[in-house]
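Heads up, the thing below is written out as structure tokens.
The values are calculated or read from the model by the stated rules, or taken from the named source; none is laboratory data. Just so you know, these numbers come straight off a predicted model, no measurement behind them. Reconstructed Cβ throughout: ideal geometry from the backbone, glycine too, with neighbour counts over all protein chains shown. Just so you know, the surface numbers come from the protein's heavy atoms only, side chains and all, with ligands and any DNA or RNA stripped out. Shrake-Rupley method; radii C 1.70, N 1.55, O 1.52, S 1.80 Å.
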Amino acid sequence: MSEPFWESDAPPVQDPAALYFAGSGRRPPPEPAAPEAEDDKHARLAAAEQVASQSPANVAPGSLTVPCPLREAHTIEVRVIGSDDAPLENVTLVLEKSESEVLIAKTDADGLARFRGLAMGKYQLHPRELDHEAWELESSEKLPPERDRCDTNAAWQAPSGPDTREAITHVVQAGECISTLAYRHGHLPETLWNAEENAALKELRGDKNILNPGDSVVIPAPRRGTEGVDAGNAYLLRGKGFTETLRVRFLDAEGQPRVKLPYVVSLESDVRTEERAGATNSEGFLVEPASASVHTLKVTFGSGSKRETYAFQVARLAPLDTLAGAQARLCHLGYSCGEEDGVMGPWTRRALRDFQRDHDLPVTCELDDATRTRLRAEYLA
């Protein structure tokens, strides 16, 4: 027989509640406590308020339980611009958390890319297509909360693999020069022009922006370089060396420079058209900075019935050692070669004759060395 649940000299009292709790293994409900003295109640409340007012850092471990807040996610913004301050679209940016975790984003039409859902900390950034000498982080600033905070987590991914890009050899097409090729492949123009593999081309042409269709240019693979960036910041990344200077001289019917003449210039590229107002300088030159992506220059003088518009194709001038190059320069100087392009015909011979006569050269009607030298000087003037 089991031991009794309780022992007493008094006869047992049949208490249904006691019997229920004894059979279930649960304790009976406690007896109502005696009313607490008013002074004791105030003392306990004061002690509780003192504990609640303490910060978690000042509370001994185990004395206070603080719920763990949700981890805040942050953003890094990067705006990419060229040397002319114009935004660069479709630039691939890589953000590295570690060797095995990266995020990839492309700039939009405003040159802006965002990396969202980041933990606070430092990351490594680099533009995939730009050589390390062709870009720099120019400035940074803290993002306002409405652009920084987000409620998503970054989807980190493994790198696509080791960078195995190699140098390539490019055959020049019409409208291409060292500057346009450097812009397209993420290099400074000087990197291509001064590359040892292009030494023979440099000696042959002499001018990096006057190449002949069919010339070969070696384009090295971009060299990688990274910069540290912090979550919660906005950065301005500038591509360097992607701006050239356009120079066009305007003369009147008597050959005198058209000085201080107001104009509107339109700079056209594959992604946008930019218009500016200006005036020719004291020598009649229009001088404008332009992105290496510009392929057409349009200049307008005056308005209404006095309006004059001229269009120029950028990077299409052939080298002077070619007949097509000499014909283009003769035409620009007012000596028409008709429709002859790369062909020595009667129009070109007449143009050479007139140019030689006007500049006191032996009239040979041939493109000899003396004529080339004078033609180069006059054209650059």
Legend entry - Interatomic Cα distance distribution for region 159-224, bins of 5 angstrom, percent: 3, 17, 31, 24, 12, 6, 4, 2, 0
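Which of the peptides 238-250, 95-107, 162-174 is most tightly packed, and how do the rest follow, going by the mean number of other Cβ atoms within 10 Å of each residue?
Details: 238-250: 18.0, 95-107: 15.6, 162-174: 10.7.
Result, highest mean Cβ count within 10 Å first: 238-250, 95-107, 162-174.
Determine the sum of side-chain charges near D108: Lys and Arg each +1, Asp and Glu each -1, restricted to other residues whose C-beta is under 11 angstrom from that of D108.
That works out to +1.
So what is the relative contact order for region 250-333, in percent, with contacts set as C-alpha pairs under 8 Å and at least six apart? Write down the numbers at each step before the final one.
Working: 128 pairs, mean separation 19.2, N = 84.
Value for region 250-333: 23 percent.
If you take every residue apart from E244 with its C-beta less than 11 Å away from the C-beta of E244, what net charge results, scoring Lys and Arg +1 and Asp and Glu -1?
Details: positive: K208, R247; negative: D84, E288.
Within the 11 Å Cβ shell, the charges total 0.
Could you give the accessible area per residue of region 231-381, probe 1.4 Å, as a whole number in Å²? Numbers along the way, then the final one.
Numbers: 8160 Å² over 151 residues.
I get 54 Å² per residue for this part.
What net charge do the residues around E138 carry, taking every other residue with its C-beta under 13 Å from that of E138, with Lys and Arg at +1 and Asp and Glu at -1?
Values: positive: R79, R238, K240; negative: D85, E136, E141, E227.
Charge balance in the 13 Å sphere: -1.
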Inset, instruction - Just the number, please: Stokes-Einstein D of region 198-315 in µm²/s, Kirkwood Rh from C-alpha pairs, 37 °C, 0.692 mPa s. - result: 185
Inset, instruction - State, to one decimal in nm, how far the label point of L137 lies from the label point of R276, with both points 7 Å from Cα in the Cβ direction. - result: 3.0
